[in-house]
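Please treat every number below as a calculation from the coordinates, not as lab data. Note that the structure is predicted; figures quoted are calculated from it, not measured. Please note: Cβ atoms are built from the backbone with ideal geometry, for glycine as well, and neighbour counts cover all protein chains shown.
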Amino acid sequence: MDNQKSNLKDLSYGEHFIENAELVSFPNPKPGRVYEISIELPEFTCKCPFSGYPDFATIRVKYQPDKKVLELKSIKLYINSFRDRKISHEAVANKILDELISASEPTWISLEADFNPRGNVHTIVKVSDGVRKDC
């Protein structure tokens, strides 16, 4: 417990929440209805695993919930937890998608990681899972 108190003194309250980020879901208020949720996170950051330089991206998530819906504040904190991680564009897009699936078990989900150009290179990674239904 003393170590945890010491750690809290070293971190701002925001850093503490980000460090302990966990994806949360809640029961779908309208199970059985096909609908789509879109989430845009325009301030994503991580670090290049090769150079250590920061990478900036907009993360776009679209999904059709089944029994659970993702809680937005938990997504924000979870996404912010990548800011100091060294991870490739491809790995981070797949990791985020896998963890969103694990937390909410959607019928269909897609993720687009649109990275800002760096060194004259613009990268967009798109990943998806499941079968999209007409809304």
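For LYS86, list the aspartates and glutamates whose Cα falls under 16 Å from its own Cα; do not include residues on the same chain fewer than 8 positions away.
Qualifying aspartates and glutamates at Cα under 16 Å: GLU19, ASP55.
In the range 26-105, what trypsin sites (Lys or Arg not before Pro) fall in a loop by DSSP, with at most 12 other Cβ atoms inside 10 Å?
When the trypsin sites (Lys or Arg not before Pro) of the range 26-105 are filtered for loop state and at most 12 Cβ neighbours within 10 Å, ARG33 remain.
Please list, in chain and number order, the residues 5+ apart from VAL69 or on another chain whose amide H is under 5 Å from its amide H, with Hs placed from the backbone.
Result for VAL69 returns PHE26, ASN28.
Of the candidates SER25, SER104, SER12, which one comes out as most mobile in a Gaussian network treatment of the chain with C-alpha springs shorter than 10 Å?
SER12
Mind scanning LYS73/LYS126; LYS30/LYS62; LYS47/LYS133; LYS68/LYS126 and naming the pairs with a C-alpha gap bigger than 26 Å?
From LYS73/LYS126; LYS30/LYS62; LYS47/LYS133; LYS68/LYS126, over 26 Å: LYS47/LYS133.
Which whole-angstrom value gives the distance between the alpha carbon centres of the range 23-41 and the range 54-84?
13
Å³ per residue of the Cα convex hull, for the range 37-135?
It is 90 Å³ per residue.
Multiply the residue gap between LYS95 and ARG118 by 0.36 nm, knock off their C-alpha separation, and tell me the result in nm, one decimal place.
Going from the current span to full extension adds 6.1 nm.
Roughly how many nanometres apart are two label points built 7 Å out from the Cα toward the Cβ at ASP84 and ASP10?
0.9
For the pair GLU43 and GLU105, what calculated FRET efficiency results from E = 1/(1 + (r/R0)^6), where r is the Cβ-Cβ distance and R0 = 35 Å, to the nearest 0.05?
That pair, GLU105 with GLU43, gives E of 0.85.
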